[in-house]
Amino acid sequence: QVHLVESGGGLVQAGGSLRLSCAASAPIFSVNFMGWYRQPPGKQRELVAGFTSGNSTHYADSVKGRFTISRDNAKNTVYLQMNSLKPEDTAVYYCYAVYIGYYYWGQGTQVTVSS
């Protein structure tokens, strides 16, 4: 069983920044697929940013140029730096990681962007 714990969410004004962290209970150096989803109020969960094979990164079009995903394998932690936040970024943000074909999820952290 792998546990993922997110932190760093909160309330911020439009144009502000937040950095989310996702700490894993197991090593992530060999994890190819790991990243962030979000679920806005009343909407489906959507991919925000993630690592894919070869340590490539993928971003949703809506966050390209504003959000940056990074990882620190020594700390078993993945980050999401969010800049130029917009009210439409308001959502619960979930970390995910795929270990040996199984998806693991964090409990989520709320991000609220006020206009």
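The values are calculated or read from the model by the stated rules, or taken from the named source; none is laboratory data. The shown structure was predicted, so the numbers you read here are calculated from the model rather than taken from an experiment. Note: ideal-geometry Cβ built from the backbone for every residue, glycine included; neighbour counts use all protein chains shown. Remember, those area values only see protein heavy atoms, side chains included, never the ligands or the DNA or RNA. Shrake-Rupley method; radii C 1.70, N 1.55, O 1.52, S 1.80 Å.
Taken over segment 86-115, the criterion of being within 14 Å of the chain's Cα centre (by Cα) and among the aliphatic types (A, V, I, L, M) is satisfied by ALA91, VAL92, ALA97, VAL98, VAL111. Checked against the criteria, ARG19 does not count as charged (D, E, K, R), surrounded by 15 or more Cβ atoms within 10 Å (Cβ to Cβ) and either closer than 28 Å to GLN1 by Cα or without any contact (Cβ under 8 Å) to a residue 60 or more places away in the chain (or both). From the list LYS43, LYS64, LYS86, LYS75, the lone residue that is of a type in the set (D, E, K, R), open to solvent by 70 Å² or more (accessible area, probe 1.4 Å) and under 16 Å from VAL5 (Cα atoms) is LYS75. Screening ILE100 with (1) open to solvent by 30 Å² or more (accessible area, probe 1.4 Å); (2) of a type in the set (Val, Ile, Thr); (3) in contact (Cβ under 8 Å) with a residue 12 or more places away in the chain gives one miss only, at (3). Only residues that are in a loop (DSSP other than H, G, I, E, B) and surrounded by fewer than 17 Cβ atoms within 10 Å (Cβ to Cβ) were counted in segment 22-40, giving 8. Condition check for GLY50 on (1) open to solvent by 50 Å² or more (accessible area, probe 1.4 Å); (2) over 23 Å from LEU11 (Cβ atoms): one failure, at (1). Take SER70 and decide whether it is surrounded by fewer than 18 Cβ atoms within 10 Å (Cβ to Cβ) and either over 12 Å from the mean Cα position of the chain (by Cα) or outside any strand (DSSP E or B) (or both). No: the conditions fail for SER70.
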